[in-house]
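All remarks here apply to the structure that follows.
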Amino acid sequence: MAPVKVFGPAISVVNIDFKALEHKSPEHLKRNPFGQMPAFQDGDLLLLESRAIGRYILRKYKTKANLPREGNLSEATMVDIGIEMERHQYYRVISPIVYGCLFNPVLDGVPTNQKVVDDSLEKLKKVLEVYEARLSQNTYLGGDFLSFADLSYFPFTYLFHGDTVRIAIRQVPSCEGMVGWARGEALHQEGHRWHCSPPEGISRSFN
């Protein structure tokens, strides 16, 4: 949902109380029939799935950065590949860490299963090796241009930029740069200011 924060219009945010099971309420199920988050409404249009919502926002509110790279078939396809890699490879191994260390303990009071976290961290390191090989050839996932593919890695990674995931990413130099400042450069290209401190170890400044 980073495109909403960075490039989207002013929106109304509806907070959902998970403990009260509001995400399973009939009202929310109209927005997302799976009873999950996020859900997005634009007029009569109801959308679910964060990556699809992000694409919709970037297509509707076109920006000079052209993060989907529409208008160039090969570049747009490379962006799609980067997004699919995030969904099927990166998210698959980082999500048990995020949920185990943050969401489950905070939202549900479920203790962290350290073995699951450690096993997932080892899998993450192997996945990052593939990214390292790819990013050693190009500055960004799609090529020599910043795109929605790079931005899609920001949310979960930034949650742990000072913790175990960040340690793993530091061991992969190209990934350190790709994830750490993708959002900052996107903001810079649109003339915005960075409203939070960049992850430590990132030398670029976009203020």
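The values are calculated or read from the model by the stated rules, or taken from the named source; none is laboratory data. Predicted model only: the values in this text are computed from it and were never measured. A quick note on method: Cβ atoms are made from the backbone with ideal geometry, for glycine too, and the neighbour counts reach across all protein chains shown.
Worth a mention:
- MET85 meets each of the listed conditions (1) assigned to a helix (DSSP H, G or I); (2) more than 16 Å from the chain's Cα centre (by Cα) apart from (2).
- LYS62 under 20 Å from the mean Cα position of the chain (by Cα) and farther than 15 Å from TYR153 by Cα: yes
- Inter-residue pairs, beta-carbon under 7 Å, first without any contact (Cβ under 8 Å) to a residue 60 or more places away in the chain and in the range 15-42, second part of a helix (DSSP H, G or I) and among the basic types (Lys, Arg), 6+ apart: GLY35/LYS24; ALA39/ARG31; GLN41/ARG31
- Looking only at residues in the range 20-71 that are surrounded by fewer than 17 Cβ atoms within 10 Å (Cβ to Cβ) and of a type in the set (S, T, N, Q), the one that is farthest from TYR140 (Cα to Cα) is SER25.
- Of all residues making up the range 69-99, the number that are more than 18 Å from GLY54 (Cβ to Cβ) and charged (D, E, K, R): 1
- Residue check, ASN15 farther than 28 Å from PHE145 by Cα, in a helix (DSSP H, G or I), at pLDDT below 90 and of a type in the set (S, T, N, Q): no
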